[in-house]
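Everything below concerns the one structure shown next.
Just so it is clear, none of the values below were taken in a lab; they were calculated from the coordinates. Because the structure is predicted, anything quoted here is derived from the model rather than measured. Ideal geometry is used to build each Cβ from the backbone, glycine not excepted, and the neighbour counts take in all protein chains shown.
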Amino acid sequence: IIALDWWKTCVLYQIYPRSFKDSDGDGIGDLKGIISELEHFVDAGVDAIWMSPIFTSPMVDFGYDISDFFDIHYEYGTMEDFEELLEKAHSLGLKVLLDFVPNHASNESEYYIKSEARDPFYEDFFVWADALPDPNNASNRLPPSNWVSQFGGSAWEWNEARQQYYLHQFAIQQVDFNFRNPAVQEKMFEIMRFWLDKGADGFRLDALPYLIEANPADHEGRYPDDPLSGLIQFEPHQLGYTIPIYTKDLIELYDIVYEWREFIDQYNEEHGGDTRVIFSEGYANVTMTMLYYGNEDGAIGAHFPFNFDFITDLNSESNARDFVYIILRWLTYMPYGGIPNWVFGNHDNNRMPTRFRKDMVDGLNAINMLLPGVAVTYQGEEIGMRDGYVSWEDTVDIEACNRGDPDTYHLYSRDPARTPYHWNNSTNAGFSTANRTWLPVAEDYPELNLAKQKEDRISHFKNYQALTALRKEKTLSHGEYDIRPLSDWTFYLVRSLRTYDTFVLLFNVGDRENTVDLNRVPHLTLPATIYVASIHSTREGGHVISNSQLTLSAGEA
Ligand code: TEU
């Protein structure tokens, strides 16, 4: 059995650089901080890291508003720091992926400033459009369409200098590139090549569903209004109740992704070495999501699109049948030969133990690691970090600030999933020596931190290590899978490969104890040895099960 290419079976860890490790005491994480903790990934059994954006940015959306795509943000460090990070990571056998944000640029970027000034090369770099006349008031102007921003309000912003509106599907300061202009795609290649030449192993591609919008040429010369949502009572022209059919998931966007794949394949061919990859980000229905892998005409896209189904379709109420159904849905819709991946959290969503239950952490990390394909971990999941509390006064996420007020901000805020990493029980959880960190450190750190979990005999981290180590088994990298409910609240996942060892995951996702009949689990012969069990389990590694009736406590795996 030959080993698969690295990216097909890797454990991929998302670093949120602002909250990982602060080396200079300004309360903000940085590259030197990451460099000082690279051993953590080796220790945890992680193979590859991807970092949320580290490029020059006014930080309106914490790096997703890039003003210089070719430089490192000063709070995070310098280009030399980045080069050192790459070199040290590579010497430890770690791959390093960057976050690539092709949908928009900061309004402080050179491109935008030149576009605003109608510099001929940059004039059409962004989506500019004339105002519509207001039929009821000749001295008033209206935006080109009723499109709304993901962060609230109109997606069109008036620009005095150009006397036109520009499109921004996120913050006003995040100006949407015009991908109908081939020069924009050329610029994207230039940016990618720059970072690949430095030695980056690939990219996470941000916000792809928004890359391209309806073309006025197809709609009598104007931007068509999105239909109003029939689900909500609305006032005519009221913003926020539209269905984004002209701004999201447009079929033309996939061709852009397929071109990126061609570009990266060609780069790989020309430069040799380990495969550089692209992983795409986008929330869409399963059919549209699968098109990022490629299409049936033979076009190839991302190495994989991130699978957000555990985030969008499952929660603490989900039963075993929901889990099995959602897992099989991805595997069923995925094109032949595709590599699956499993994501439990990221910097945009509540943390895994908060969306599910605290008692499910080990079981969820276990499914992540035992399913075929790539296991993705968001910073902190290896120790079971939960959402931090962030008061309205401390709230900095633009989405919460724009859409929320003191009573509602928590419904929108992404800050709770972004609070600093818990290294140990010292000040600021060992994240920073600052008096004030950019987001408050969550209050549970004295009890929930990496140092403690390394010392405890049984811990989330030790389970995580055992699971990542287990992935070296041929059964897990190459084996078949069989997954089925045993009852409303329990299910099994069997991984088997001919004469190699068989691995069975049993998971009680319910909030009370449930008994399973092991005779119903194919390939399982008793006695069987427990490899790893949830930290609150009455059984632990090495324990032998010989009785076919097995009672699992709430959340136990
Ligand atoms: O998110 C893209 C995205 O699909 C958003 O709808 C996201 O789910 C939403 O903001 C969550 O509330 C990416 C990044 O992950 C996010 O942090 C950025 O704010 C966004 O792109 C714009 O770059």
Long-range HN-HN contacts of G294 with modeled amide H, under 5 Å: G301
Antiparallel %, DSSP beta bridges [both residues in the range 196-352], to 5: 25 percent
Degrees between helix 79-91 axis and first principal axis of the chain (Cα, 0 to 90, nearest 10): 30 degrees
Euclidean distance between Cα centres, the range 242-256 to the range 301-365, Å: 24 Å
Charged-residue dipole, Cβ positions (Lys, Arg, Asp, Glu), the range 1-81 about Cα centre, Debye nearest 20: 340 debye
Anchor K32: aspartates and glutamates whose Cα lies under 19 Å away (excluding residues fewer than 8 positions away in-chain): D22, D24, D43, D71, E75, E80, D81, E83, E84, E87, D99
³J(HN,Hα) computed for each position of the range 59-68 - Karplus, 6.51 cos²θ - 1.76 cosθ + 1.60, integer Hz, glycine/proline x: 6, 5, 10, 6, x, 7, 10, 8, 9, 9
Under 17 Å from K454, Cα to Cα: lysines that are on another chain or at least 8 residues apart: K462
Cα long-axis angle, helix 320-333 against the chain (0 to 90 degrees, to the nearest 10): 60 degrees
22 Å Cα-Cα threshold exceeded, pairs from K452/K472; K95/K198; K21/K95: K452/K472
Sequence-distant residues sharing a close amide H with N159 (under 5 Å, placed H): Q164, Y165, Y166
Under 5 Å, built H, 5+ apart or other chain: amide partners of H104: F177
Anchor K474: lysines whose Cα lies under 19 Å away (excluding residues fewer than 8 positions away in-chain): K8
Rounded to 5, percent antiparallel among DSSP beta bridges of the chain: 60 percent
Table column - 3J(HN,Hα) (Hz), the range 34-41, Karplus curve with 6.51, -1.76, 1.60, x for Gly and Pro: 4, 4, 5, 10, 4, 4, 4, 5
Net length gained if the chain between A434 and D482 were fully extended (0.36 nm per residue, minus Cα distance): 12.3 nm
Gain on full stretching of the segment that runs from H523 to K114 - 0.36 nm per residue minus C-alpha separation: 140.8 nm
Given charges at beta-carbon only (K, R positive; D, E negative), |dipole| of the range 68-191 in Debye: 600 debye
Length-normalised contact order of the chain in % [C-alpha pairs under 8 Å, at least 6 apart]: 13 percent
Radius 9 Å from Cβ of Y500, net charge of other residues (Lys, Arg +1; Asp, Glu -1): 0
Projected label distance in nm at E393 and N268, using a 7 Å step from Cα toward the beta-carbon: 5.2 nm
For the chain, diffusion coefficient by Stokes-Einstein and Kirkwood Rh (Cα), 4 °C, 1.567 mPa s, µm²/s: 52 µm²/s
Length released on extending from E83 to S553, taking residue separation times 0.36 nm less the Cα-Cα span: 164.4 nm
In Hz, Karplus ³J(HN,Hα) per residue of the range 263-278 (6.51, -1.76, 1.60; θ = phi - 60°; x = Gly, Pro): 4, 6, 4, 5, 4, 4, 5, 6, 9, x, x, 5, 5, 8, 9, 10
Three-way shape call for the range 110-176 based on the alpha-carbon gyration tensor, with the a/c threshold at 1.5: oblate
Folded to 0 to 90 degrees: helix 460-470 orientation relative to the chain principal axis, Cα: 80 degrees
DSSP bridge orientation in the range 1-155 - percent antiparallel, rounded to nearest 5: 40 percent
